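The values are calculated or read from the model by the stated rules, or taken from the named source; none is laboratory data. Small disclaimer: the values here were computed from a predicted structure and weren't measured. All Cβ positions, even for glycine, are placed from backbone atoms using ideal geometry, and neighbour counts span all protein chains on display. Only protein heavy atoms, including side chains, enter the accessible area calculation; ligands, DNA and RNA are left aside. Shrake-Rupley method; radii C 1.70, N 1.55, O 1.52, S 1.80 Å.
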Amino acid sequence: MLGAALMRALLARWPDLQFEGIAGPKMEAEGAKPLFPIEPLGVRGYVEVLRNLREILRIRRGLARYLRESPPDLFIGIDAPDFNLGLEAKLKAAGIRTVHYVSPSLWAWRPERIHSIAKAVDHMLVMFPFEDKIYREAGVRVSYVGHPLADAMPLDPDRVEARAQLRLGPTSVPVALLPGSRVSELELHADLLIDTAAELHRQRPELRFFVPLATRETREHFEARLYARQARDLPIEMLFGHARLALHAAEAAIVASGTATLEAALARCPMVITYRVHPITYRMVQRRRILPYVGLPNILAGEFIVPELLQADATPMNLSQALLNWLDSKEARDRLRARFATLHESLACGHDERVAQALEPYLTREAMGGAALPEPDRHPAALRG
């Protein structure tokens, strides 16, 4: 999703650009040529990565070899810092300009990564205002570009229209369930959310559940788990994509931690954040965490504005009760939606134009007579607008 947004921003100004690399379906739809499959990289956590390490390293070696033999004008690593930063360091050493899009969560854990980032990237594009200062103080060229979702999503969502598109009657109460975009996430969350839906349906038969799924593989996995849990009779409707539609219509949602929590906030949808990883991964991460929260809405607000039920606390009973707390209080939902509106306004700052401005020196250097780019200032100014 983020890669496709970046591509659109650049192609609007330079329509002759060509993109290749590791791409998902949204990037391919924008014209990216896939060099390697994206599916093996769709894992999170130490133990989960170890299970796929041989294939991941094979892809990274192959990509590095290809890019050194056929150097691009610019390499853009999108998120995935443990995969991209090492690759960026090798490419930068080979004379290829490197940009990293989406800052690692230095403010949440592993702040020491700033040193390896400084050696690996020529320019960091950050999505949240407070990240700008971190890189400026470390002497890394940085631009705050905002978040493409904040520009793409309406500041005043039409919930009535969203309900109509989902064919919801006046007495139906929609609930969105977002288990994650990777099969590895569904392996940990699908049964949990299905069992939670069963518990909620037992208490509130009027509830209808919508599950947006990003790919054919995730849809097939979730459908298989519905059969396995003997839950086909539950009022659950799977959607192919359409997360935004489900969140605009829903009275509340249960969302796996990640970008989807920000999307829910921008849709003004009260939520409960959940996540599970392998127990060893969880213990390792817990020891190195700086912030008490993991969900983006809470991080950006600087406090718990939505509940987080993680790991052992993520049970059907706990999740269903936390969701019912939102459904039972219109006043609480309205207060949260007002907080989300303020958050939305702070992030909607013209992402596409800022991305184009930040990358223009790298994409027009032939027009500059092949002149080398200036070295970054110790405190380069972020783009303002």
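On a full-extension model of 0.36 nm per residue, what is the gain between F304 and S70, subtracting their alpha-carbon distance, rounded to one decimal in nm? Before the final figure, lay out the partial values.
Values: separation 234, 0.36 × 234 = 84.24 nm, distance 4.76 nm.
Residue separation times 0.36 nm, minus the Cα-Cα distance, leaves 79.5 nm.
State whether the range 1-72 is rounded, prolate or oblate according to the following rule on the C-alpha gyration tensor (a ≥ b ≥ c being the square roots of its eigenvalues): a/c under 1.5 gives rounded; otherwise a/b larger than b/c gives prolate, and the remaining case gives oblate.
Judged from the Cα gyration tensor, the range 1-72 comes out oblate (a/c at least 1.5, b/c at or above a/b).
With charges only on Cβ, +1 for K and R and -1 for D and E, what is the dipole size of the chain about its Cα centre, in debye, rounded to 20?
Details: 49 positive and 47 negative charges, 166 e Å.
That gives a dipole near 800 debye.
For the chain, give the percent of accessible area contributed by carbon and sulfur heavy atoms, probe 1.4 Å, rounded to a whole number.
Details: 9350 of 18060 Å².
Carbon and sulfur together cover 52 percent of it.
Which value, in debye to the nearest 20, gives the size of the charge dipole of the range 212-327 about its Cα centre, when Lys and Arg are +1 and Asp and Glu are -1 at the Cβ? Let's see the in-between values first.
Details: 12 positive and 10 negative charges, 84 e Å.
The calculation lands at about 400 debye.
Computed over the chain, the per-residue total of -39500 (n - 2.57) for DSSP H runs of n ≥ 4 gives a 222 nm mean residue ellipticity of -14500 deg cm²/dmol, rounded to 500. Centroid-to-centroid, using Cα positions, the range 144-215 and the range 285-350 are 15 Å apart. Whole number in Å², please: accessible area per residue of the chain, 1.4 Å probe, ligands, DNA and RNA not counted. Ligands and nucleic acids excluded, the figure is 47 Å² per residue. Computed from Cα positions, the angle between helix 316-327 and the longest principal axis of the chain comes to roughly 90 degrees. Taking Cα atoms only, the orientation of helix 53-69 departs from the longest principal axis of the chain by about 30 degrees.
Using the C-alpha gyration tensor of the chain, what are the square roots of 5 times its eigenvalues, in whole angstrom, with the largest one first? All intermediate terms of the calculation are to be shown ahead of the outcome.
Working: eigenvalues 273, 102, 82 Å².
Rounded to whole Å, the semi-axes are 37, 23, 20.
The lysine pair tally for the chain, using Cα distances under 27 Å and a gap of 8 or more places or different chains, is 7. Between Q18 and R289, the FRET efficiency from the beta-carbon distance, with R0 = 35 Å, is close to 0.30. So for the chain, averaging the separation of alpha carbon pairs under 8 Å that are six or more residues apart and normalising by length, what relative contact order in percent results? With pairs under 8 Å counted, the relative contact order is 19 percent.
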